[in-house]
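In what follows, a structure is listed as structure tokens, so that the remarks can point back to it.
The numbers here are math on the coordinates, done by the rules we state, and not lab data. Source: prediction; values computed, not measured. Note: ideal-geometry Cβ built from the backbone for every residue, glycine included; neighbour counts use all protein chains shown.
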Amino acid sequence: MTDVVPPDAGYNPNPFIGIILLIVLLVFVLPDRLPQFISDLSPYLFAGIPCVRLPAARDLAAHQSVIGRSVQDPLQLAVAPTTPQDSGALLIRLTVTNLSLGTLPVVFQEDNIVVAASDEESNGFGFIVEPEPAEGTRGRQAPDPDGYEESDIRLLGPRQRCVHTLDLVASQDMIDNGGTIRAYYRMSLPGEHQTLSEGVTTIYADQGLDYLSEGVVFSAAVDIDPGD
């Protein structure tokens, strides 16, 4: 006589429950942890939107993030260089992260990023590279204005990050011996409005740029490996 096997014989609910718990864990953990983990593991695999593609500010006299205006030191910078090639080609990747829950205006002028061997104390983004790169790689440095054109101000959303890559030419000293690099963003000015759209009501007297307690934030210094 053949034994009758109960319908639930051999059924183990533990794997199913484990899968459900894993899905719940991923829902709560992934949005904050996975991007940072992947970017730390491989900065070139995951980072964020190019900084140049962030939306430009518009009518900041009337439209600003109240939360963004109240935060202090909300920016985090990280820099990742490649190894210089024999030709001197060197690629630098900058990641800018908004750690706050408010939208932040950041001055980003793609053609005005200073690259030098020391901090030149200019406003905006810059790189301190030692030894200094070859001639012709220094960014165009402009005087600090009272205010910025809103086309030069980009809006970095809550918990958002953006990336920018810069091609440099390494000096022979760096190719042979390596070097160090760190990035900075300096902005000690609140900014003054230059133009307003017709019909815009002025609410804010500045452009909301003065949210760094020391006026500047630096990335950690990163070693540049010598070429092969």
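In nm, what is the difference between 0.36 nm times the number of residues separating N14 and V71 and their Cα-Cα distance?
Numbers: separation 57, 0.36 × 57 = 20.52 nm, distance 4.57 nm.
Length difference between fully extended and current span is 16.0 nm.
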Original post:
Which parts of the range 169-187 would a label at V216 reach, counting a residue when its backbone N lies under 14 Å from a point 7 Å out along Cα-to-Cβ?
Top reply: 182-187
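Determine, from the Cβ-Cβ distance of S118 and Y204 and an R0 of 25 Å, the FRET efficiency 1/(1 + (r/R0)^6), rounded to the nearest 0.05. Don't skip to the end; give the middle numbers.
Numbers: r = 35 Å, r/R0 = 1.39.
Rounded to the nearest 0.05, the efficiency is 0.10.
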**OP:** List the residues whose amide H sits under 5 Å from the amide H of I49, counting only those 5 or more places along or on another chain, with H placed 1.01 Å from N in the peptide plane.
**Re:** R161, V163
Original post:
Which percent, nearest 5, of DSSP beta bridges in the range 47-224 are antiparallel?
Top reply: 85
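How much length, in nm to one decimal, is gained on full extension between D225 and L196, taken as 0.36 nm per residue of separation minus their Cα-Cα distance? Let's see the in-between values first.
Working: separation 29, 0.36 × 29 = 10.44 nm, distance 4.82 nm.
Contour length minus the Cα-Cα distance gives 5.6 nm.
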Original post:
How many nm is it between the label spots at T180 and L101, if each spot is 7 Å from the Cα in line with the beta carbon?
Top reply: 3.7
Original post:
For the charge dipole of the range 47-224, defined by +1 on Lys and Arg C-beta atoms and -1 on Asp and Glu C-beta atoms about the Cα centroid, which residue among S151, L101, T201 has the Cα displaced farthest towards the positive pole?
Top reply: L101
**OP:** Work out the charge dipole of the range 47-224 with +1 on the Cβ of Lys and Arg and -1 on the Cβ of Asp and Glu about the Cα centre, then indicate which of F125, S87, I67 is farthest towards its positive end.
**Re:** I67
**OP:** Starting from one equal scatterer on each C-alpha and no solvent at all, send me the Debye-based log10 I(q)/I(0) for the range 47-224 at q = 0.13 Å⁻¹, two decimals.
**Re:** -0.64
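Taking the beta-carbon count within 10 Å as an exposure proxy, list F218, F125 from fewest neighbours to most.
F218, F125
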Original post:
Once amide H atoms are placed 1.01 Å from N in the peptide plane, what residues at a sequence separation of 5 or more from S100, or on another chain, have their amide H within under 5 Å of its amide H?
Top reply: R159
Original post:
How big is the Cα convex hull of the range 175-228 in projection, averaged over all directions, in nm²?
Top reply: 6.4
